[in-house]
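Engineer: Next up is a structure, given as structure tokens.
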Amino acid sequence: MQDVQFLVVGCGPAGGVAAREAARGGVETLVLERDAVVGAKRVCAAGLREGFCETFDLPRTIVHCDPPTIALHALSGRRFEFPIGQGLTTTREELDGTIARLALDEGAQIQTNALFRGYTREGERSIVEYADLVTGERKRVRARHVLLAQGSSARIPDDSPLAYPDWSNGLITCYQYRVYPERPAIPVAYQTLEMHYYVGAAGRNVVAWMFPKRDHLSIGLGIPGKLGGKELRAELDSFLSGVAARLFPGTQYTVREEGNLLYGGAPRPRVRDGGVMIGGTAAGLVDATTGEGIQEAATSGRLAAAAVTAARARSSFDAALQYERSLKAAFYARLRQRHKLMTFLERRPVRFDVLFEQLARYPRLAALLQRERHDFSFAEWLYLYGQAALFSLRVLRT
Ligand SMILES: Cc1cc2nc3c(=O)[nH]c(=O)nc-3n(C[C@H](O)[C@H](O)[C@H](O)COP(=O)(O)OP(=O)(O)OC[C@H]3O[C@@H](n4cnc5c(N)ncnc54)[C@H](O)[C@@H]3O)c2cc1C
């Protein structure tokens, strides 16, 4: 059986950043990745927050567009625009592929075609079992620390301390087209991230988007729960025809279809089991109002790497406990609140109009909501509570 200090499952932004930073800290690190090519199969709009490349020390060459504006389309059909500093778009083959390459440069090993099956605890160590998809063999690795970062497809057995009974209620079925117009779309398309919130043909809540890329537009949607491909495709075709009429009217285009699950529930209550940690989307670190989770995933990888690197110097150090504390302090208050807000808005989708109107009228509120809460000043908290009270009053009037 192979022995390593740190075993990472999944080479998305969470696993890739964890591997890169742990290896850089001198920790012997192995990543197991199910796919043959890292990032090639990831379905994602791949919008990144301002400063992402600098924060995670990534080359700017992965950036396709840097739209300064987000446009929110509400149920009424009204469009509300806000500045977002400098948003970024990329593709996941470039993002995940680049992080993986940098992790290899730091000395991490990445084993592709390796399908994680499960783990058991053996004293201070974990035994991880996986299937080698090339040879068909079952293999085992013993590790002191493990980070599970398999994204929304993470399957955690019901009897595991990491299990979360509400997990499947948070799953959202997503369908996306990469749309390649024969001629570029109108210039504003490349300056704006579009999010649309409406009720679809089957009476279900839909969140849809248009994110511009260098050579294509990512146009997709997500609907809570499980849905058949036919229904999803019909909904997306109808959304696409509206976007095409506005942004590339009369232009022929080709389409590449992609589908995936997104998680839009509350974060997982427990994120450690002995030396096993769970990160990224597998830990439920997604903003339920927007579907964003790359920043959170990458940060969780960074926190896991910092914890296992600290444990290298002090053998009694509880890396998983440190990880859980820092992860919860960084994200849980905001992500739980966003999940509650989204549930509240979706119950009566006309509320999206009320919120977006308020954001448009008070740019300071829009700017505050783009930040993490742990660095809010007292005055900013007061302002936020005042705005929350105003929102409640306005909702009562609808
Ligand atoms: C349609 C869509 C659009 C999105 N758009 C955005 C956006 O614009 N901006 C944003 O910030 N977020 C977006 N997200 C969310 C974002 O994709 C996730 O938050 C992010 O990918 C989470 O990263 P991760 O590393 O946790 O997991 P993932 O990126 O899902 O990576 C998981 C990795 O684990 C591997 N894996 C899975 N199972 C196994 C297994 N059993 N064994 C071995 N390996 C395994 C996978 O192959 C994959 O490489 C979007 C999601 C979807 C579905």
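Engineer: Quick one: which strands (runs of 3 or more DSSP E) sit completely within segment 92-181 and have at least 2 residues that are buried (at least 17 other Cβ atoms within 10 Å of the Cβ), touching a helix residue (DSSP H, G or I) at 6+ places or on another chain (Cβ under 6 Å) and aliphatic (A, V, I, L, M)? Can you show your working first?
Structural biologist: On the way: elements: 109-111, 114-122, 125-132, 138-148, 171-181.
Counting at least 2 such residues, we get 138-148.
Engineer: Counting only residues that are in a strand (DSSP E or B) and either within 16 Å of the ligand (Cβ to nearest atom) or among the polar types (S, T, N, Q) (or both), which one in segment 1-23 is farthest from VAL286 (Cα to Cα)? Explain how you work it out, then say what you get.
Structural biologist: First, the residues of segment 1-23 that are in a strand (DSSP E or B): 2-9.
When the remaining residues are screened for being either within 16 Å of the ligand (Cβ to nearest atom) or among the polar types (S, T, N, Q) (or both), the result is 2, 4-9.
Details: GLN2: 33, VAL4: 30, GLN5: 28, PHE6: 25, LEU7: 23, VAL8: 20, VAL9: 19 Å.
For segment 1-23, the residue satisfying everything is GLN2.
Engineer: A follow-up question, please. Six or more apart or on different chains, Cβ under 8 Å: which pairs go from a residue in segment 304-322 that's without any contact (Cβ under 8 Å) to a residue 24 or more places away in the chain to one that's outside any helix (DSSP H, G or I)? Could you list them?
Structural biologist: Matching pairs, first to second residue: ALA310/PHE317.
Engineer: Any residue that is under 19 Å from ASN169 (Cα atoms), over 21 Å from the mean Cα position of the chain (by Cα) and more than 16 Å from the ligand (Cβ to nearest atom) - is there at least one of those in segment 203-220? Walk me through how you get there before you give the answer.
Structural biologist: Of segment 203-220, the ones under 19 Å from ASN169 (Cα atoms) are 203-207.
This time we only want the ones that are over 21 Å from the mean Cα position of the chain (by Cα), so: 203-204.
This time we only want the ones that are more than 16 Å from the ligand (Cβ to nearest atom), so: 203-204.
Yes, the conditions are met somewhere in segment 203-220.
Engineer: Give the number of residues within segment 364-381 that are in a loop (DSSP other than H, G, I, E, B) and without any contact (Cβ under 8 Å) to a residue 40 or more places away in the chain. Write out each step before concluding.
Structural biologist: Narrowing segment 364-381 to residues in a loop (DSSP other than H, G, I, E, B): 370-372, 376-377.
With without any contact (Cβ under 8 Å) to a residue 40 or more places away in the chain added as a condition, the list becomes 371, 376-377.
Count: 3.
Engineer: Checking the condition at pLDDT below 95 and either more than 14 Å from the ligand (Cβ to nearest atom) or more than 26 Å from LEU327 (Cα to Cα) (or both), which residue from GLU106, GLU182, GLU81, GLU194 passes? Steps first, answer last, please.
Structural biologist: Details: GLU106 fails: at pLDDT below 95; GLU182 fails: at pLDDT below 95; GLU194 fails: at pLDDT below 95.
Just one listed residue meets the conditions, GLU81.
Engineer: Next question. On the basis of being surrounded by fewer than 14 Cβ atoms within 10 Å (Cβ to Cβ) and either within 13 Å of the ligand (Cβ to nearest atom) or assigned to a strand (DSSP E or B) (or both), does ALA40 make the cut?
Structural biologist: Values: surrounded by fewer than 14 Cβ atoms within 10 Å (Cβ to Cβ): yes; either within 13 Å of the ligand (Cβ to nearest atom) or assigned to a strand (DSSP E or B) (or both): yes.
Yes, satisfied.
Engineer: Let me ask something else about it. Take GLY26 and tell me if it is more than 14 Å from the ligand (Cβ to nearest atom) and assigned by TED's automatic domain parsing to the domain that holds ARG144. Can you show your working first?
Structural biologist: Numbers: more than 14 Å from the ligand (Cβ to nearest atom): yes; assigned by TED's automatic domain parsing to the domain that holds ARG144: yes.
So GLY26 passes the test.
Engineer: Any idea which residue in segment 43-70 is farthest from the ligand (Cβ to nearest atom), counting only those that are more than 17 Å from TYR190 (Cβ to Cβ) and in a helix (DSSP H, G or I)? Spell out how you get there, then give the answer.
Structural biologist: To start, the set of residues in segment 43-70 that are more than 17 Å from TYR190 (Cβ to Cβ) comprises 43-44, 49, 51-59, 61.
Imposing the further condition that a residue be in a helix (DSSP H, G or I) reduces the set to 52-55, 61.
Details: PHE52: 9, CYS53: 14, GLU54: 16, THR55: 13, THR61: 19 Å.
Checking each candidate, the answer is THR61.
Engineer: Given (1) of a type outside the set (Lys, Arg); (2) within 16 Å of the ligand (Cβ to nearest atom); (3) buried (at least 18 other Cβ atoms within 10 Å of the Cβ); (4) under 30 Å from ARG204 (Cα atoms), where does PHE352 come up short, assuming only one miss?
Structural biologist: So PHE352 meets the others, but not (2).
Engineer: Quick check on my filter: what residues within segment 242-260 are aromatic (Phe, Trp, Tyr) and out of contact with any strand residue (DSSP E or B) (no Cβ under 9 Å at 6 or more places or on another chain)?
Structural biologist: As a first pass, look at segment 242-260 and keep what is aromatic (Phe, Trp, Tyr): 248, 253.
Scanning segment 242-260 gives no hits.
The values are calculated or read from the model by the stated rules, or taken from the named source; none is laboratory data. Since we're looking at a predicted model, the values are computed, not measured. Please note: Cβ atoms are built from the backbone with ideal geometry, for glycine as well, and neighbour counts cover all protein chains shown.
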